[in-house]
Amino acid sequence: MYIMACCQVAVLALCALTISAVAEQSCSTNYNCSLNGECAGGSCKCDPGWTSEDCSVLDVIPHPNNYVPAYGFSPNITSWGGNAIKGDDGLYHMFVSEMAEGGLSGWGHESQIAHATAKSPMDVFVKKAIAIPKWSHNASPLRAPATHLINGTRPWYLFHIGTGFLHIATNPDGPWTQLPSLSCNNPAPMFHNNGTLYCGCNNGDFKIYRSDDPTKENSWVQVSAIHFPESWGVGEYIRAEDPYLWMNAKGSWHFLAHVYDYRDGWPPNPNQTEPVLVAGHGFSDDGINWDFSNNPPYFPWVTYEDGRRVNYSTYERPHLVFNANGDPTHLINGVSPVWAQYGHPCNVCDARPGSEHSCVVCKTSKPFDWTYTLVTPLRPSQAIAVDAES
């Protein structure tokens, strides 16, 4: 009887070890790593720029203590995101939505797209010119890869809403020529690694189009659509919009979207999302069948090297800066600096369902509708560090 009891104990212990070993395995395929890493030995090894157990969170690092936001903070002008691309001249060229006059509440008639440059994404960008005059908004630039040539050159594309949909130039200084249009709200363009141009459009569902030659009329053809998952709780209070698309070096598709909860605000709603919800991430191996992370890829605050933290009421229009290896190095957002300056978080902002003062609409709540464009550094990979030293 003693021997049987010992055997039973041994079997139970073995079962416990087996269960523990299974529980410790966080992945079985690369999908469990959000297609942002490799599953090896039951654990995810994340690609540069990503972190967390399932590689679903951007690997944000603290800002330098002397950081000044990229555009719209100094000199003071309302801006609302864009993206920066390294040019042949070694400078970073930012195309950013700015208001000709007033705050973001006037975006529907005052927005124009400015061209600004800096030596580094973490520098203040200096305005060079207006690339696309008002009315134009939600700038999303692309530089064509070597696999996509127009008249033997790698053109620059500038997608936007407003007057027209897409402009093209041979260099970032322009001149910019308007191309045939597509009915597309808040375009999210990307290049496939084979050089094919795609663009997502926030037209109800998020539809993805392809063009073999955007200089030609009627060249855009819908190829797929993204339907946001029930697990995100999208409905009366939680909304998802305006994804930013890209393909990583391994050939997987990704998007960052603005995902928000109207209930986040003041006074606190017992059902609101905490912390304030601002983003979601999706991924696919073919651009047709999509998976979605339930972890926000980033949060609406900035930390500094000295430990300070600055909160923002909303953190939208995500774009990524990439290095030559295709690794993300910086996140760019349009942000509203309203938080608790007036007593409680977002307590001066307009109402939305579920909140008397909803954080997501601080950006357009007069007279607090000054916004600016912020760049956040991501942890550099070892390859980037080696390149920087050479």
Check: Of the numbered conditions (1) more than 24 Å from residue 145 (Cα to Cα); (2) modelled with pLDDT under 95, residue 301 satisfies every one except a single condition; which is it?
Finding: (2)
Next item on the list: Look at residue 79 and say whether it is open to solvent by less than 10 Å² (accessible area, probe 1.4 Å), in contact with a His (Cβ under 6 Å, 6 or more places away or on another chain) and closer than 28 Å to residue 201 by Cα.
Entry: no
Next item on the list: Evaluate the range 63-76: report whether one residue or more is surrounded by fewer than 19 Cβ atoms within 10 Å (Cβ to Cβ) and within 23 Å of residue 135 (Cβ to Cβ).
Entry: yes
Check: Out of the range 132-157, which residues are open to solvent by less than 20 Å² (accessible area, probe 1.4 Å), under 13 Å from residue 215 (Cα atoms) and either in a strand (DSSP E or B) or touching a residue at least 24 places away in the same chain (Cβ under 8 Å) (or both)?
Finding: 148, 156, 157
Notebook entry, point to check: Taking the range 172-182, which residues are open to solvent by 30 Å² or more (accessible area, probe 1.4 Å), at pLDDT 95 or above and not hydrophobic (A, V, I, L, M, F, W, C)?
Noted result: 173, 175, 177, 178
Note to self: Please count how many residues of the range 210-243 are among the hydroxyl-bearing types (Ser, Thr, Tyr) and closer than 21 Å to residue 154 by Cβ.
What the structure shows: 3
Next item on the list: Filter the range 98-126 down to residues that are surrounded by fewer than 17 Cβ atoms within 10 Å (Cβ to Cβ) and either without any contact (Cβ under 8 Å) to a residue 12 or more places away in the chain or in a strand (DSSP E or B) (or both), then give me how many there are.
Entry: 2
Checklist line | Among (1) closer than 24 Å to residue 354 by Cβ; (2) open to solvent by 10 Å² or more (accessible area, probe 1.4 Å); (3) part of a strand (DSSP E or B); (4) of a type in the set (Val, Ile, Thr) - the single one residue 273 does not satisfy | finding: (3)
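State all residues of the range 249-270 that are in a loop (DSSP other than H, G, I, E, B) and either in contact with a helix residue (DSSP H, G or I) (Cβ under 7 Å, 6 or more places away or on another chain) or closer than 25 Å to residue 321 by Cβ (or both); if no residue qualifies, say none.
If the condition is that a residue be in a loop (DSSP other than H, G, I, E, B) and either in contact with a helix residue (DSSP H, G or I) (Cβ under 7 Å, 6 or more places away or on another chain) or closer than 25 Å to residue 321 by Cβ (or both), then 249, 250, 251, 252, 262, 264 are the ones that fit.
Among the listed residues 324, 340, which satisfies the condition of being of a type in the set (Gly, Ala, Ser), under 23 Å from the mean Cα position of the chain (by Cα), surrounded by fewer than 16 Cβ atoms within 10 Å (Cβ to Cβ) and on the phi < 0 side of the Ramachandran plot?
Numbers: 340 fails: under 23 Å from the mean Cα position of the chain (by Cα).
Being of a type in the set (Gly, Ala, Ser), under 23 Å from the mean Cα position of the chain (by Cα), surrounded by fewer than 16 Cβ atoms within 10 Å (Cβ to Cβ) and on the phi < 0 side of the Ramachandran plot holds for just one of 324, 340, which is 324.
The values are calculated or read from the model by the stated rules, or taken from the named source; none is laboratory data. All values derive from a computational prediction rather than experimental measurement. Note that each Cβ is placed from the backbone with ideal geometry, even for glycine, and that neighbours are counted across all protein chains shown. These area figures cover heavy atoms from the full protein model, side chains too; ligands, DNA and RNA do not enter into them. Shrake-Rupley method; radii C 1.70, N 1.55, O 1.52, S 1.80 Å.
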